[in-house]
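This report refers to the structure that appears directly beneath it.
The values are calculated or read from the model by the stated rules, or taken from the named source; none is laboratory data. Only a predicted model underlies this, so the values are computations on that prediction, with no experimental measurement involved. We place every Cβ from the backbone using ideal geometry, glycine too, and count neighbours over all the protein chains shown.
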Amino acid sequence: MMQQVRVRFAPSPTGYLHVGGARTALFNWLWARHTNGKFLLRIEDTDQLRSTPEAVEAILVGMKWLQMEPDEPVLFQMTRHQEHIDLCYELLERGAAYADFSDPEIENQKREAMTKAKLQYKFDGSMYRSIPISEQKKRMENEPGNFAIRLKIPEGKTQWNDIVHGSIEINHAELDDFVILRRDGTPVYNLAVVSDDHFQQINLVLRGDDHISNTPKQILIYQAMNWEVPKFGHLPMILGTDKVKLSKRHGATAVGDYQKLGILPEAMINFLALLGWAPGDDTEVMSIDELINRFSLERINAKAAVFDLQKLYWLNGQHISRTPTKQLIDKCGGIDQIKETTGTSELTVEQITKSLELWKTRVKTLDELISYAQIIWKDPLTYDQEGLKKQFQDPKAINRCLALANAFEKLETFTHESTEAVLRKLAEEESQASGETIPAGRYIHPCRLMLTGLTVGPGLFDLVVAIGKEAVVRRLRKAQQLT
RNA sequence: GACCCCAUCGUCUAGUGGUUAGGACUCGAGGUUUUCGACCUCGCAACCGGGGUUCGAAUCCCCGUGGGGUCGCCA
């Protein structure tokens, strides 16, 4: 019987939920869901200076938007502050750590000097490492606040089988006896992480590549405590188009930005999942359930991936077309929200639904969907200049629009069929009267332009019905002003 | 600089010793005579370089090169 998977996402609340962080969270979440395990959220707020409640909120909101809710209460790292401190002393008690009374100022100077001289700085703890514990404790009592605690790095090397990279081996000669408890009595990140991961019984740590160098240090703490070492997997970075780690200057990096841009959470998830993972066949557009089903650790890529906005938009368009219109309305904030932002309080739910229905297969974002749907509800203020030139080059186009307006006005039943019949009849009559063939397009294109101001869009007769007789007639008659 | 990680079309990727190196985004060309940024069809475009191993290498090994990450009493 395999033990239940327990994974976590552990961001520090110092900004917004970054897409890189979201991707890390997603992989953990997908794996937990896939294996029926537990996904936990831990807020690493030990940096009191940089941590803010707003950032905590932003992370929570972002996670919720992406539907990645933790299975257990959120753990704030600071609440285990005392346990972290206790762990440092326990390590000291066990002889795995020692008190360092050296002057940090002097050590800093040494380091700076050596880096300047292009030499490798390493803390030399030889004068403290082997002092008997009882003596160390005596001196600690006598000189409170004058020591830090460092982990004693043993001889040898540390090796682990990384879930994504395979075997990684670090020689201990590369490590120095790192501080676990500062002189001000506060524990350091690498120690707190181990303490909390052990406390939360995390058995798989999936995190960013940038933590590879922390891993041997953390494993050494587990080993010193005789704790079971979790599995580790290090996810590659997400890069900007210039192949440099994605950052603010590449544009939107907070998941909230994409929400504002009209991206669907399921599209964002789908996109993020495809950044560093692929199902193995040619499937690309996947629902969340499908993703959960197919996700596997073995197929995670080791190579950093470039964040390609184009593909996100394409995927978003795919998801929008597949989402039932009713749900799309909810995603836009509901009917009332839509009415308010577009100033169309008089519309019925059916009218709104119908309009979105017509546009949803040809837009890339929710914002686009609303602004195109609006064209149905409101008379156009501007007209596509190129289109105007092309469609109204023939002066007869104006008359065609007016004739169409008159014919539509007389219709009792205003449907796709009836309007199409009327239009085609007009084209035919004109053909006979003039002796040349007038294709229906000569009516259709100018008509579309007058109705929507655009040269693109859904089929004309669907549009005509959605706009409604009265508005159609009114918009068509504006062709008079084109002369 | 040291250590670690990475390397297939511009981008996301499939490929685990024998493939015309496949798909997707983008881009281009056609088609759809009701348009289009939608849809359909087609097309452009890649194994970083050099050595091995092997009958045979994108795939395995080594060396380069390039990119990235980490070197804090930050997280």
Open item on the list: Looking at A:Glu57, A:Glu72 in this structure, which one is more than 20 Å from A:Arg294 (Cα to Cα), in a loop (DSSP other than H, G, I, E, B) and at pLDDT 95 or above?
Closed with: A:Glu72
- [ ] Pull up the range A:449-461, narrow it to residues that are more than 8 Å from RNA strand B (Cβ to nearest atom) and assigned to a helix (DSSP H, G or I), then point me to the one that is surrounded by the most Cβ atoms within 10 Å (Cβ to Cβ).
- [x] A:Met450
Task: Residue satisfying all of: in the range A:418-448; near RNA strand B (Cβ under 10 Å from one of its atoms) and not in a helix (DSSP H, G or I); surrounded by the most Cβ atoms within 10 Å (Cβ to Cβ) among these - done: A:Ile438
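Is it the case that the range A:150-171 has a residue that's in a loop (DSSP other than H, G, I, E, B) and more than 42 Å from the chain's Cα centre (by Cα)? Please lay out each step first, then the result.
Here is the first cut: in the range A:150-171, the ones in a loop (DSSP other than H, G, I, E, B) are A:152-156, A:163-165.
Applying the additional criterion that residues be more than 42 Å from the chain's Cα centre (by Cα) yields A:155.
The answer is yes; a qualifying residue exists.
Table: residues versus (1) within 16 Å of RNA strand B (Cβ to nearest atom); (2) free of Cβ contacts under 8 Å to residues at least 40 places away in the same chain; (3) closer than 20 Å to A:Tyr258 by Cβ; (4) among the basic types (Lys, Arg).
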site: A:Thr325; (1), (2), (3), (4): yes, yes, no, no
site: A:Lys331; (1), (2), (3), (4): no, no, yes, yes
site: A:Thr341; (1), (2), (3), (4): no, yes, yes, no
site: A:Ser345; (1), (2), (3), (4): no, yes, no, no
site: A:Val349; (1), (2), (3), (4): no, yes, no, no
site: A:Thr353; (1), (2), (3), (4): no, yes, no, no
site: A:Leu358; (1), (2), (3), (4): yes, no, no, no
site: A:Thr365; (1), (2), (3), (4): yes, no, yes, no
site: A:Ala373; (1), (2), (3), (4): yes, yes, no, no
Task: Pair list, Cβ < 7 Å and 6+ apart or interchain, from the range A:263-275 residues that are over 15 Å from A:Leu369 (Cβ atoms) and of a type in the set (Gly, Ala, Ser) to residues that are at pLDDT below 95 and crowded, with 24+ Cβ neighbours inside 10 Å - done: none
- [ ] Determine, yes or no, whether A:Leu402 is at pLDDT 95 or above, crowded, with 20+ Cβ neighbours inside 10 Å and not polar (S, T, N, Q).
- [x] no
Open item on the list: Residue under question is A:Thr52, and the condition is that it be under 30 Å from A:Phe147 (Cβ atoms) and not basic (Lys, Arg); does it hold?
Closed with: no
- [ ] Identify, from the list A:Gln391, A:Gln385, the residue that is more than 35 Å from the chain's Cα centre (by Cα), crowded, with 18+ Cβ neighbours inside 10 Å, modelled with pLDDT under 95 and within 14 Å of RNA strand B (Cβ to nearest atom).
- [x] A:Gln391
Open item on the list: Please list, ordered by residue number, the helices (runs of 4 or more DSSP H) wholly in the range A:225-319 having 3 or more residues that are more than 9 Å from RNA strand B (Cβ to nearest atom), of a type outside the set (A, V, I, L, M, F, W, C) and more than 14 Å from the chain's Cα centre (by Cα).
Closed with: A:288-294
TODO: Would you check which residues across the range A:116-130 are surrounded by 10 or more Cβ atoms within 10 Å (Cβ to Cβ) and at pLDDT 85 or above and list them?
DONE: A:Tyr121, A:Lys122, A:Phe123, A:Asp124, A:Gly125, A:Met127, A:Tyr128, A:Arg129, A:Ser130
- [ ] Check the range A:96-116 and report whether any residue there is under 36 Å from the mean Cα position of the chain (by Cα) and among the aliphatic types (A, V, I, L, M).
- [x] no
TODO: Tally the residues that are near RNA strand B (Cβ under 7 Å from one of its atoms) and either touching a residue at least 12 places away in the same chain (Cβ under 8 Å) or in contact with a Lys or Arg (Cβ under 7 Å, 6 or more places away or on another chain) (or both), restricting the search to the range A:140-168.
DONE: 3
- [ ] Kindly establish whether A:Lys138 is farther than 24 Å from A:Val205 by Cβ and not in a loop (DSSP other than H, G, I, E, B).
- [x] yes
- [ ] Note down all Cβ pairs under 8 Å where the first residue falls in the range A:297-309 and is farther than 21 Å from A:Ala267 by Cβ, the second is among the acidic types (Asp, Glu) and near RNA strand B (Cβ under 8 Å from one of its atoms), and they're at least six residues apart or on different chains.
- [x] A:Ala304/A:Asp209
- [ ] Write out, first by first residue and then by second, each pair whose Cβ atoms fall under 7 Å of each other, whose residues are 6+ apart or on separate chains, and whose first residue, in the range A:45-60, is near RNA strand B (Cβ under 8 Å from one of its atoms) while the second is assigned to a helix (DSSP H, G or I).
- [x] A:Asp45/A:Gln77; A:Asp45/A:Met78; A:Thr46/A:Gln77; A:Thr46/A:Met78; A:Thr46/A:Tyr189; A:Thr46/A:Ala192
Open item on the list: For the range A:349-386, give me each residue that is of a type in the set (A, V, I, L, M) and assigned to a loop (DSSP other than H, G, I, E, B).
Closed with: A:Val363, A:Leu381
TODO: Quickly run through the range A:194-215 and pick out the residues that are within 14 Å of RNA strand B (Cβ to nearest atom), surrounded by fewer than 21 Cβ atoms within 10 Å (Cβ to Cβ) and assigned to a helix (DSSP H, G or I).
DONE: A:Asp209, A:Asp210, A:His211, A:Ile212, A:Ser213, A:Asn214, A:Thr215
TODO: Could you tell me whether the range A:111-128 includes any residue that is near RNA strand B (Cβ under 9 Å from one of its atoms), within 29 Å of A:Ile43 (Cα to Cα) and in a loop (DSSP other than H, G, I, E, B)?
DONE: no
